[in-house]
Amino acid sequence: MPMASADIEAMILAAFPDASVEITDLAGDGDHYAAKVTSAAFADMNRVKQHQAVYAALKGKMGGELHALQLTTAVPD
């Protein structure tokens, strides 16, 4: 069963309350999303660690309910 974009956003915000999260459904099928996550929590992390932190926030949903996520992370200016 596909995962709703609101659920993805809620899980990310639960882990990163200060984050700005933009979710885009890439294929219109609820299975292929892009997410841009901007958070001060990423300041001392390299890009790989930032992505790992976001995937951890999704609590194992990647590869199951959430088939594909194109992820962009950033630190606020």
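Values computed for the structure shown
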read-out	value
Solvent-accessible area, 1.4 Å probe, carbon plus sulfur percent, for the chain	52
Mean separation of Cα contacts under 8 Å (6+ apart) over length of the chain, as relative contact order %	36
Given charges at beta-carbon only (K, R positive; D, E negative), |dipole| of the chain in Debye	300
Pairwise label distance in nanometres, M1 with V75, each label 7 Å out on the Cα-Cβ vector	4.0
Separation of the A40 and A68 label points, Cα + 7 Å toward Cβ, nm	3.6
Surface accessible to a 1.4 Å probe, per residue, for the residues of the chain, Å²	58
Largest to smallest principal axis extent of the C-alpha atoms in the chain, angstrom	35, 21, 19
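The values are calculated or read from the model by the stated rules, or taken from the named source; none is laboratory data. Just so it is clear, the model here is predicted, and its values are computed rather than measured. Neighbour counts run over all protein chains shown; Cβ positions are idealised from the backbone, glycine included. Note: accessible area is taken over every heavy atom of the protein model, side chains too, but ligands, DNA and RNA are not part of it. Shrake-Rupley method; radii C 1.70, N 1.55, O 1.52, S 1.80 Å.
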